[in-house]
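One structure is given here, and the rest of the page talks about it.
The values are calculated or read from the model by the stated rules, or taken from the named source; none is laboratory data. The shown structure was predicted, so the numbers you read here are calculated from the model rather than taken from an experiment. All Cβ positions, glycine included, derive from the backbone under ideal geometry; neighbour counts span all protein chains shown. With ligands, DNA and RNA removed, areas are computed over all heavy atoms of the protein, side chains included. Shrake-Rupley method; radii C 1.70, N 1.55, O 1.52, S 1.80 Å.
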Amino acid sequence: MNYRHSYHAGNFADVFKHIVLVALLKSFLKKDNSFCYLETHAGAGVYDLNSESAQKTKEFESGIGKIISPSLRGCEAAAAIQNAGYVNEVVNDYLSCIKKINTDASKNYPGSPYFAKYFLRQNDRAILAELHEEEYAALKKFFARDKQIAVHHQDGYLALKAFLPPKEKRGLILIDPPYEQHDEFETLTKILPHAVQRFETGVFALWYPIKDRQSTDRFLKNLQAKISRPVLISELIIHPNYLPSHLNGSGMLIVNPPWQIEDKINEITSWLATSLRAR
Ligand SMILES: C[S@@+](CC[C@H](N)C(=O)[O-])C[C@H]1O[C@@H](n2cnc3c(N)ncnc32)[C@H](O)[C@@H]1O
């Protein structure tokens with residue numbers, strides 16, 4: 001496993017994924033019943049944008065850097081967050097979460113577990129799986145004193161078997177693999193339909209990279225053919241000309257999409273496309 005998310009934290013794909021995640025989490029708060037958040041590939045929980053890895057790629061500059069303020073190099077000043085254009089309450093909450101993790105002069109970008117934690121109520125809980133030794137250690141340390149969050153040094157796909165269905169009968173599952181393996185699309189086409197069968201009413205959100213349009217479409221078609229529940233596909237395309245060997249877009253496949261979420265995500269996606277496409 002060579003993938004380290006610190007090289008990519010806060011890039012355009014992360015921004016899209018995390019705003020959609022916030023929209024999903026908010027939809028779970030509409031009912032009083034508790035819910036379980038399960039994440040299969042959780043990462044380290046928080047990323048320092050001043051770190052050597054983040055500074056090496058500077059991917060965050062064309063992601064969160066463009067949203068907070070085009071002139072900023074990162075999450076520099078919490079005040080600047082206030083200047084980001086208002087789109088809807090989902091984006092506001094996403095920005096508030098980033099602000100919360102940058103109370104001092106830090107330049108941190110939250111990982112998905114942090115966004116999840118931000119929205120958990122007292123009776124909700126989270127289960128996080130991460131396989132990389134160091135990422136797991138960082139995540140475990142980050143949530144060390146948090147009784148609502150269980151961190152497991154475990155293969156994320158096995159976690160789907162181990163923890164589904166949750167006892168709450170309400171759950172959001174984020175699947176965010178690094179796509180390091182050349183057969184990750186095939187693996188997901190086998191594993192996700194089984195997970196949905198185990199927990200038919202669960203809301204599953206799968207992030208996928210959009211490089212080559214044809215292979216992405218083939219993957220989505222094969223996967224949807226095996227899932228008997230409603231599916232929503234949402235994509236943010238940054239390079240509409242589909243540059244060869246580039247990350248041209250970021251996609252989320254959502255099984256059992258919550259009511260009215262499609263309109264909300266569409267609104268966000270068109271705003272993001274305008275804000276993040278290369279200028
Ligand atoms: C894209 S990153 C996750 C980022 C995180 N979800 C976020 O948005 O902040 C993918 C993570 O999966 C981890 N990973 C790779 N293979 C895994 C596996 N089989 N099971 C669990 N985690 C794995 C990597 O170490 C990496 O931290």
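Tabulated results
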| item | result |
| --- | --- |
| Cβ crowding within 10 Å averaged over residues, with 31-40, 246-255, 143-152 ranked highest first | 246-255, 31-40, 143-152 |
| Surrounding net charge for V196, when Lys and Arg each add one and Asp and Glu each subtract one, Cβ distance under 14 Å | +4 |
| Relative contact order of the chain, pairs being alpha-carbon contacts under 8 Å that are 6 or more residues apart, as % | 23 |
| Sulfur and carbon atoms: percent of accessible area, the chain [1.4 Å] | 49 |
| Bins of 10 Å from zero: percent of alpha-carbon pairs in the chain | 6, 30, 39, 21, 2 |
| Those residues of the range 1-43 whose amide nitrogen sits under 16 Å from the label point placed on E180, 7 Å along Cα→Cβ | 1-9, 40-43 |
| Whole-angstrom gap from the range 95-138 to the range 151-201, using each part's C-alpha centre | 20 |
| Per residue, in Å², the accessible surface of the range 175-253 once ligands and nucleic acids are set aside, probe 1.4 Å | 50 |
| Full-stretch length increase - A105, I233 - with 0.36 nm per residue and alpha-carbon distance subtracted | 42.3 nm |
| Two-decimal log10 I(q)/I(0) for the range 205-261, as the Debye equation yields it once each C-alpha is a single scatterer, q = 0.21 Å⁻¹ | -0.80 |
| Cα-based shape type of the range 133-172, given that a ≥ b ≥ c are square roots of the gyration tensor eigenvalues and the cut on a/c is 1.5 | oblate |
| Counted charge near D217, where neighbours are those whose Cβ lies closer than 13 Å (Asp, Glu -1; Lys, Arg +1) | +2 |
| Test item: Cα-centred dipole of the range 113-261, Lys/Arg +1 and Asp/Glu -1 on Cβ, debye | 720 |
| Solvent-accessible heavy-atom area per residue, rounded to whole Å², over the range 103-170 at 1.4 Å | 54 |
| Of the DSSP H helices in the chain, those whose Cα atoms cover at least 20 Å axially and whose Kyte score averages 1.0 or more | 12-28 |
| Cβ charges +1 (Lys, Arg) and -1 (Asp, Glu), total dipole of the range 1-63, debye | 220 |
| 5 Å-binned pair-distance histogram of the range 131-270 (Cα, whole percent) | 2, 8, 16, 19, 19, 17, 13, 5, 1, 0 |
| Farthest positive-ward along the chain dipole, Cα basis, beta-carbon charges - from P113, G202, L158 | G202 |
| Cα-centre dipole for the chain with unit charges at Cβ (Lys and Arg positive, Asp and Glu negative), debye to 20 | 540 |
| Difference of contour (0.36 nm per residue) and Cα-Cα distance, T57 to D263 | 70.8 nm |
| Ellipsoid equivalent to the range 110-194 - semi-axes via the Cα gyration tensor, in Å | 23, 17, 11 |
